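Here is the structure we will look at.
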């Protein structure tokens, strides 16, 4: 279970989320240099607005902190964005490439790994598959 400071000045802790929140999670791993990552973020942001019953979190991995922060400010999504400064999240989730997204159950279990760019219809289908709707 990971913990990462986010762009909203908070800290997202997966263990605290599992203990206190009760919502499943859509975790998106991205990097500022990854063009498909940049393209998919508006779709993830739109899904985050529609799915209040799911917690959306983005984490920059395999990236330098300054460009990741600059990109996070530029894209200005509504869900929390963190930066994996230590490389721990990248090691733990071991994406096959970027972007990579993970659907995580309310109790912290990875239900599905999604490698490659997602769009709104794809996110809707995956969340519907796991959580109905």
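Here, each number is a calculation from the coordinates, and none is a lab measurement. From a predicted model like this one, the values you see are computed outputs, not experimental measurements. Virtual Cβ from ideal backbone geometry, glycine too; neighbours counted across all protein chains shown.
The table below lists the values:
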quantity: Residue list for the stretch 35-52, restricted to those being crowded, with 21+ Cβ neighbours inside 10 Å and touching a residue at least 40 places away in the same chain (Cβ under 8 Å); calculated: 37, 40, 44, 47
quantity: So residue 32, is it touching a helix residue (DSSP H, G or I) at 6+ places or on another chain (Cβ under 6 Å) and either assigned to a loop (DSSP other than H, G, I, E, B) or within 17 Å of residue 123 (Cβ to Cβ) (or both); calculated: yes
quantity: Any chance residue 92 is over 22 Å from residue 8 (Cβ atoms) and in a loop (DSSP other than H, G, I, E, B); calculated: no
quantity: Residue ID - farthest from the chain's Cα centre (by Cα), chosen from residues in the stretch 83-114 that are surrounded by fewer than 13 Cβ atoms within 10 Å (Cβ to Cβ) and more than 24 Å from residue 20 (Cα to Cα); calculated: 86
